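**Student:** Below is one structure. I have some questions about it.
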Amino acid sequence: MKHCSMSLAGAHAGIESCRPIVRPSSFWQQLIRYEYKLFGINRLRMTSSLSGVIPGVYENEVRVMLLL
């Protein structure tokens, strides 16, 4: 995020394109705070779902899994 001036969502998408299994589980809040420290804004939010609180980048994926 810092060296490429990327948002958290953009950095996550870039890593996920190289390694689809990426799941930084317990430190999302830390990453969100770091994005705010770098840019003064958070573009990614944590979202409540039936499976608990999840990062917004996984919202559609969780919805599909819950429908199965």
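Any read-out appearing in this document is the output of simple, stated calculations on the displayed coordinates, not a laboratory observation. Bear in mind that the values here come from a model prediction, so they are computed numbers and not experimental data. Cβ placement follows ideal geometry from the backbone for every residue including glycine, while neighbour counts extend to all protein chains displayed.
**Student:** Using only the alpha-carbon atoms, how far is helix 8-18 inclined from the longest principal axis of the chain? Give it as 0 to 90 degrees, nearest 10.
**Tutor:** Helix 8-18 sits roughly 70 degrees off the main axis of the chain.
**Student:** Tell me whether segment 8-67 comes out rounded, prolate or oblate; compute the Cα gyration tensor, take square roots of the eigenvalues as a ≥ b ≥ c, and use a/c under 1.5 as the rounded threshold.
**Tutor:** oblate
**Student:** How high is the FRET efficiency between Gln29 and Leu67 when r is their beta carbon distance and R₀ equals 35 Å, given to the nearest 0.05?
**Tutor:** It comes to 0.80.
**Student:** Here's something else I'd like to know. Is there a quick way to get the dipole size of segment 8-67? I mean about its Cα centre, with the Cβ of Lys and Arg at +1 and of Asp and Glu at -1; what is the value in debye to the nearest 20?
**Tutor:** Dipole about the Cα centre, nearest 20: 140 debye.
**Student:** Moving on to the next point. Amide H neighbours of Thr47 under 5 Å, counting only residues 5+ apart in sequence or on other chains, H built in-plane at 1.01 Å?
**Tutor:** Under 5 Å from the amide H of Thr47: Ile54, Gly56.
**Student:** Can you tell me the relative contact order of the chain? Whole percent, Cα pairs under 8 Å, sequence separation 6 or more.
**Tutor:** 24
**Student:** If we count trypsin sites (Lys or Arg not before Pro) as exposed when they sit in a DSSP loop and have at most 16 other beta carbons within 10 Å, what is the longest stretch of the chain that avoids them all?
**Tutor:** Values: sites that count: Lys2, Arg43, Arg45.
With trypsin sites (Lys or Arg not before Pro) excluded where exposed in loops, the chain gives 3-42 as its longest stretch.
**Student:** Could you work out which residue, out of Gly56, Gly14, Gly40, moves most in a Gaussian network model of the chain, that is, has the largest mean-square fluctuation with Cα springs under 10 Å?
**Tutor:** Gly40
**Student:** Sticking with this structure for a sec: Work out from phi, with θ = phi - 60° and the Karplus expression 6.51 cos²θ - 1.76 cosθ + 1.60, the ³J(HN,Hα) of each residue of segment 19-29, listed in order in whole Hz, and give x for Gly and Pro.
**Tutor:** Taking θ as phi minus 60°, the curve returns 9, x, 8, 4, 8, x, 4, 7, 10, 4, 4 Hz for segment 19-29.
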